[in-house]
Amino acid sequence: EENKTFPEHSSSEMDIHKMRIAAAEFYRKNGVPAIIERALNELFLRQPADVHGYLANFFLELSTPPRISNLRGREVFSENGQLIVEVEVFSIVCNREKVKVIQKSSTTSTQMKNKLGGKKPLTFHLFFFYISGKKSVVDEKQFPPAEPPEPVLLEGMAVGSVSLAVAKSGAKIKGMPLYKYISALKNQKEPAHFHVPVPWISLLSCGKKSPGKLCLLEEIILISKVGHPVKQVLISVGLCEYSKITLSSVSHNGVLTASCERPEQPLDLISNACTNLKVPLGVDVFLALNCAAPKLVDYSKGKYEVATGGLKSPDELIEVYHNLISKYPAVVAVIDPFRREVKQWKKLSNRIEISCSLLSDITHKPQAPALPGVHGYVFRHANETTVSDIIHATFCYQGGRCCVCVCAVGLGLDYVKLGGLGGAETMAKYNRLIAIEEELAQQGLLGSSIYKNSWEKLTMNVKWPLTVAAL
């Protein structure tokens, strides 16, 4: 029996002996014993307070210089909406691969220059005509009393931040992107395909904070026809010309502030720009008007301050909306045309019929009853809004909004309003949305069947609600 087991034992010992010889040769060839001896001698002589830190620095100086292992480049949008090249540099540092992102400015592509024909349609706002209007005599009719302001939750931002941090931690533990994790929370399982919301791009702002007299149009929003990639949507209308706009003419959320006196002026400006770019307005791109009318109410006069010194009664404002929608058929949606007054919403809905969708901002009143004629809801992110609040809103209204566009993808929203193309913060969100779309396309998870339904909701006034995410 001993003779039978001896060869096995001998073979094992020989393997260990060979490994020892190979290890000794490896250490000798690389000078490891001498280096370790020198490190220990210097360590003893210096006797530093941080022993391990000293050894780490000692060996770091002896390490191989970093070398580039891979390069990956792609086009992204800069903070002023200009296409630039973003390069990911992969390098090997101390046997570990590290990534560094480098951005390099790039001039407008030759194709875009040819398309623009040397014109700058979005700089026309500098040459608006100032048309003075006569003040109308106002009646002393009283409005219903203003609703009490929403209570502000102290340290509300911390509530929303902690909620988002918990969601990100859960996604990290599960080893999946945040948008997939939120989708699994909502649907109790990860869907087979994802739908990237169509971006609503805020072009012009003619609200109360704009330099002109016009107050009615808080935002004029461009909506591209569904089915196009996000990057193509941003490029197709020539919005890279934002790089020619001065910073003083751009609001905090990247929207151009135009000096206008009549509602028709900014719409004419956009129509001319689309004509110069050969982008058919009302065919390939459409418009939405964010009126934010609750902010314009003069309760002492019972009217809306459409322009500085220009007041309109609710019935007169209905005529204004009807005339705008009739003159500009590319307008397919109006957000908050009135305060929460059932009578006026019903009148406007009956007047415009199916030519335009009415959307209501429910950010501060998610439990309020639906207004008549409303076909969609906007749920903006407030400081205290949690991920659970957003998911609950999507179940109640089939709409929602969150502080990062990945949540909009995870919730399967129809549209997302990220702001204009003139700021670093908003452009980072557009770039993130583009990256998610490209990632889903590479994985074969990008669905296209939902696009048609989203477009029908907006342009055909179908009965189920439209979902809009707004920043």
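The values are calculated or read from the model by the stated rules, or taken from the named source; none is laboratory data. This one's a predicted model, so the numbers in the text were calculated from it and none came from an experiment. Cβ sites come from the backbone with ideal geometry, for glycine too, and all protein chains shown count toward neighbours.
Among the residues making up region 304-314, those that are closer than 12 Å to GLN344 by Cβ and buried (at least 19 other Cβ atoms within 10 Å of the Cβ) are TYR304, LYS312, PRO314.
In region 315-426, counting only helices (runs of 4 or more DSSP H) that sit wholly within it, the ones holding 1 or more residues that are modelled with pLDDT under 80 and surrounded by 23 or more Cβ atoms within 10 Å (Cβ to Cβ) span 387-397, 405-410. Each residue in region 199-219 was checked for being more than 17 Å from the chain's Cα centre (by Cα) and assigned to a strand (DSSP E or B), and 6 of them qualify. Residues in region 167-221 that are basic (Lys, Arg) and touching a Ser or Thr at 6+ places or on another chain (Cβ under 9 Å) were compared, and the one that is modelled with the highest pLDDT is LYS213. Checked against the criterion of being within 27 Å of ASN272 (Cβ to Cβ) and at pLDDT below 70, the candidates SER105, SER78, SER109 yield just one match: SER109. All told, SER271 falls short of being at pLDDT 75 or above, crowded, with 20+ Cβ neighbours inside 10 Å and assigned by TED's automatic domain parsing to the domain that holds PHE338. So which strands (runs of 3 or more DSSP E) are wholly in region 263-314 and hold at least 1 residues that are within 12 Å of LEU203 (Cβ to Cβ)? The qualifying strands (runs of 3 or more DSSP E) are 285-290.
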